[in-house]
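Everything on this sheet refers to the single structure shown next.
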Amino acid sequence: MAIIIEQEKRNINWFALSIIVLVITVIIAGTYYLFFADIPFVEKVAPARLKSLEELSNIKLQPEMIINNSKFQTLKQYINPIESGEIGKINPFVK
C-alpha cells in the first residue's frame with residue numbers, strides 16, 4: 001500500500017491580482033505622460049475656430065498711436081491719478 005502525498009493547490013485571489021495590475025498600469029502610464037510624452041502645442045489643442053489667436057499674437061502695439069488719437073483725447077478723466085508717494089502705508093499693520 002502506497003501513501004500518496006499531494007501538495008495543496010494555491011488559490012489565487014484574482015480580484016487582488018487584477019487591482020495590483022491596474023494600479024501598476026496607471027502608475028506607468030502616468031509616469032510616461034508626465035515625464036516622457038511630448039507636450040502638446042496650443043495649435044494642436046485649440047479648436048480650428050481659434051486660429052485667430054495666431055493673428056492676435058502677431059499684432060504690435062503702438063501706444064503713441066492710441067494716445068494721439070482724437071477719440072482718445074476727447075475722453076474725460078473722472079478720478080485723480082495716484083501720486084507715487086500716496087500709495088499705501090509704509091507698514092500695513094500700523095493704524
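Quick look at the values:
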{"item": "Karplus (6.51, -1.76, 1.60) ³J(HN,Hα), θ = phi - 60°, over segment 54-67, in Hz, Gly and Pro reported as x", "result": "5, 5, 5, 6, 8, 6, 9, 7, 10, x, 4, 5, 6, 5"}
{"item": "Per-residue ³J(HN,Hα) for segment 71-82, Karplus 6.51 cos²θ - 1.76 cosθ + 1.60, θ = phi - 60°, Hz, x for Gly and Pro", "result": "5, 5, 5, 7, 5, 9, 9, 9, 10, 7, x, 7"}
{"item": "Segment residue 66-residue 23, length gained on full extension (0.36 nm per residue, minus Cα span)", "result": "9.6 nm"}
{"item": "Footprinting exposure proxy for 79, 20 (fewest neighbouring C-beta atoms within 10 Å first)", "result": "79, 20"}
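We did not get these values from a lab; they are worked out from the coordinates using the rules stated. Please read all numbers here as calculations on a predicted model, not as lab measurements. Reconstructed Cβ throughout: ideal geometry from the backbone, glycine too, with neighbour counts over all protein chains shown.
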